[in-house]
Number of protein chains: 2
Amino acid sequence: MMPPSACSFQVLSISSDCDARRAVLRTSHGTVQLPAFMPVGTQGTVKGLTVDLVRGTGAEMVLGNTYHLALRPGAEIVDELGGLHRFMGWDGPILTDSGGFQVFSLERLTKVDDRAAVFRSHVDGRILTLSPERAVEIQELLRSDIAMVLDHVVPLPAAPATVRDACERTVAWAERCRQAASREDQGLFAIIQGGLDAGLRRWCAARLVELDFPGYAVGGLSVGETPAEMYAVLDVTCPLLPTHRPRYLMGVGRPEDILESVRRGIDLFDCVLPTRNGRNALAFTDNGPLRLRNQIHRRDPRPLEPDCPCSACRHSRGYLHHLFKANEMLGPILLSIHNLNYYQRLMADIREAIETDRFLDLFQRKMAGWRLTRGGERC
Amino acid sequence: MMPPSACSFQVLSISSDCDARRAVLRTSHGTVQLPAFMPVGTQGTVKGLTVDLVRGTGAEMVLGNTYHLALRPGAEIVDELGGLHRFMGWDGPILTDSGGFQVFSLERLTKVDDRAAVFRSHVDGRILTLSPERAVEIQELLRSDIAMVLDHVVPLPAAPATVRDACERTVAWAERCRQAASREDQGLFAIIQGGLDAGLRRWCAARLVELDFPGYAVGGLSVGETPAEMYAVLDVTCPLLPTHRPRYLMGVGRPEDILESVRRGIDLFDCVLPTRNGRNALAFTDNGPLRLRNQIHRRDPRPLEPDCPCSACRHSRGYLHHLFKANEMLGPILLSIHNLNYYQRLMADIREAIETDRFLDLFQRKMAGWRLTRGGERC
């Protein structure tokens, strides 16, 4: 049984005109100011960045991945080498996902029954069996600060029976994960499933809230649905989650998704977009994305953004364009740095806006800069 | 005509028992402690490292490449974007090579006559004509602190007539480069050619010394000859170079080559080995190289070297092994950092050893650590 003391959460303020909240999460490896964005370190590294560079972007917490680390190098080796913090050299908080997302993303290599998810390794074809108990055991070997229950993620759209089956299994597995958890220094978060079915989402949230987890994630999103469908799920789910527990929207997302979700009461995010897009020469800016491979940047002396303090923005767009045209590693590195900086600055702006109760002002300003309008949703 | 004030050189001390010398080179962008090693930034970036990371290895001066930058993005664009320092964000001294090495390395794409070297671009097939005058013009547009004369490098072994022809052309081109040079803030170094022919090396050195350049490079080495042949060329050439001018051994080399060359009076080096080998999972250490892809490192908790301050050495060998097995960019990045650190620490040790007149002690100790013995050469 995991003790409730492994991590603690405190709401500092709530917006007067929406559900955005300013909060803080305390873990064994330090404190995270919320709302927060976690860079993704799938295989024990945020792709292309030293931990000093990751820290330099403003990130306080990173995400590691149970499935990938269990396959390579193996959870037992990470444990032998001192746990994931020591292994990757990150001394701040780490959250590990449970492998449930790979049931979706590696669907063709996976079989799920009530006992476990069975994967055929995408690396070498070996079999990896992730039961709820093994998912917890791996995360305890990794020694992350926050572990996630093993959930069953299905691609959307899906048949109602498929979504219901996966949702019920997720609840049963959450209880088994809770029973299996033994580390006093690790918090275990539950994951709400239920696809786009409001009734199932409500049912799942109610069951998991009864079990009183130290945190709740909204899972099974960013798997094929539209943004409006995703926001609708948050509209249904967030009000059912206890206000005194952190809320984590898994695998999301674009800057506009983060604003839309914070507005609905989400505290925590992770996504590969800033690093993956960075590697593909796309830079996020307050005026929308820049594609650095475009010839238009060839002679442009301006930085990506005039006020950005990141090391990419000490260079001209012309230089960054050159790096991508010349296939230099530094192009992906610098754009990953910039994009992670961009996300962290967005989160800092969000936190400050909530503190001064001007979140919706920020929301409108950012959306206008990105040239996005909100389609008929409450504001 | 280039003024002699563009860079200045001063010998601080010379070993009592060999020709190793401690010196300093002053340029428009700062001072370089010699003997020094320059990381190679061929295309306007030391591969895989931000300029802060390069600076963090201890490097004071970097090398840029005329041929590659002239092709992409083009010297005029670098000039338009503020020159190479500003373009790549490196505010310390920069030396640019002249493109002469590419006459060798891209031999199949090159035709040389007395007028110029004509390249068919390895990027897009366009023609690039490098005359001595254009090589200087490009380097003046790049605004490097030290420019190199255009030389004619031939692969070894080569027919005597080929070596003689290239050597005579190199002398004629050096004089034309000198006439073409116009920047007051850029020093122009001459390059001694002559293959393995002691007589030609002597002739070339004498002709170029008559022209009184502010620095001299030994070129045309590391192009197919044995280490012993290379050292023999240095034995012939170095004594003919003026003691009050810096001596630069181009494109060399392995740590043992650096020690052997410093012992013979060389002050300055550049080589792609630390970064290229780093990208290929080879780490330099005082006990010889480590190949990080080897399974032997899988569970090894030790750093590459116990006393190395670099960011790679905050990790275990097991972690570095994992990064290469998982094809993570951070593997090449961290090993490039370590290897550049290793080279810079070697140079710092060399400088300190010369200052205290214990260079040959250092020489023996390092060679013993690398398990190398010197084959019958003077010591």
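Filtering segment A:332-347 to residues that are more than 14 Å from chain B (Cβ to nearest Cβ) and closer than 16 Å to A:Cys313 by Cβ leaves A:Asn339, A:Tyr342, A:Tyr343, A:Gln344, A:Arg345, A:Leu346.
Of all the listed residues (B:Leu208, B:Leu200), the sole one being surrounded by 19 or more Cβ atoms within 10 Å (Cβ to Cβ), hydrophobic (A, V, I, L, M, F, W, C), more than 21 Å from the chain's Cα centre (by Cα) and in a helix (DSSP H, G or I) is B:Leu200. Within segment B:186-211, being under 28 Å from B:Leu141 (Cβ atoms) and touching a residue at least 40 places away in the same chain (Cβ under 8 Å) holds for B:Gln186, B:Gly187, B:Leu188, B:Phe189, B:Ala190, B:Ile191, B:Ile192, B:Gln193. Of the candidates B:Ala281, B:Ala217, the single residue that is more than 20 Å from the chain's Cα centre (by Cα), within 21 Å of B:Thr42 (Cα to Cα) and open to solvent by less than 10 Å² (accessible area, probe 1.4 Å) is B:Ala281. Once segment A:67-86 is narrowed to residues that are crowded, with 23+ Cβ neighbours inside 10 Å and within 21 Å of the chain's Cα centre (by Cα), the residue that is farthest from B:Gln295 (Cα to Cα) is A:Tyr67.
Only one of these is within 23 Å of B:Ile333 (Cα to Cα) and more than 8 Å from chain A (Cβ to nearest Cβ): B:Val78, B:Val62. Name it. Criteria check complete, one pass: B:Val62. Evaluating A:Ser222 against the criteria (1) modelled with pLDDT of 95 or more; (2) open to solvent by 30 Å² or more (accessible area, probe 1.4 Å); (3) small (Gly, Ala, Ser) leaves one unmet condition, (1). Close Cβ contacts (under 7 Å, 6 or more residues apart or on different chains) running from residues in segment A:60-79 that are under 21 Å from B:Arg317 (Cα atoms) to residues that are outside any loop (DSSP other than H, G, I, E, B) and at pLDDT below 95 comprise A:Ala70/A:Leu128; A:Leu71/A:Leu128.
Just checking, does segment A:287-298 include any residue being facing chain B (nearest Cβ under 10 Å) and modelled with pLDDT of 95 or more? Among the residues of segment A:287-298, at least one is facing chain B (nearest Cβ under 10 Å) and modelled with pLDDT of 95 or more, which makes the answer yes.
Scanning segment A:225-245 for residues that are open to solvent by less than 30 Å² (accessible area, probe 1.4 Å) and of a type in the set (Ser, Thr, Tyr) yields a count of 2.
Within segment B:121-132, one or more residues are open to solvent by 10 Å² or more (accessible area, probe 1.4 Å), of a type in the set (Asp, Glu) and closer than 23 Å to B:Arg72 by Cβ. Within segment B:322-331, the set of residues being more than 7 Å from every other protein chain (Cβ to nearest Cβ) and either open to solvent by 10 Å² or more (accessible area, probe 1.4 Å) or at pLDDT below 95 (or both) comprises just one member, B:Asn327. From the list A:Asp307, A:Asp357, the lone residue that is open to solvent by 40 Å² or more (accessible area, probe 1.4 Å), touching a strand residue (DSSP E or B) at 6+ places or on another chain (Cβ under 8 Å), away from chain B (no Cβ under 14 Å) and in a loop (DSSP other than H, G, I, E, B) is A:Asp357. In the set A:Glu60, A:Glu80, A:Glu107, only one residue is at pLDDT below 95 and of a type in the set (D, E, K, R); that residue is A:Glu107.
Taken together, B:Thr31, B:Thr27, B:Thr42 contain a single residue that is within 14 Å of another protein chain (Cβ to nearest Cβ), open to solvent by 10 Å² or more (accessible area, probe 1.4 Å) and either among the hydroxyl-bearing types (Ser, Thr, Tyr) or farther than 22 Å from B:Ala174 by Cβ (or both), which is B:Thr42. Give segment B:45-66 a look and list any residue that's assigned to a helix (DSSP H, G or I) and open to solvent by less than 10 Å² (accessible area, probe 1.4 Å), or say none. Answer for segment B:45-66, where residues must be assigned to a helix (DSSP H, G or I) and open to solvent by less than 10 Å² (accessible area, probe 1.4 Å): B:Val54, B:Thr66.
Output the residue which, of all residues in segment A:239-286 that are in a loop (DSSP other than H, G, I, E, B) and closer than 14 Å to A:Tyr342 by Cα, is modelled with the lowest pLDDT. Per the stated criteria, the residue is A:Gly253.
The values are calculated or read from the model by the stated rules, or taken from the named source; none is laboratory data. Everything numeric here is computed off the predicted structure, so don't read it as measured data. Reconstructed Cβ throughout: ideal geometry from the backbone, glycine too, with neighbour counts over all protein chains shown. Note: accessible area is taken over every heavy atom of the protein model, side chains too, but ligands, DNA and RNA are not part of it. Shrake-Rupley method; radii C 1.70, N 1.55, O 1.52, S 1.80 Å.
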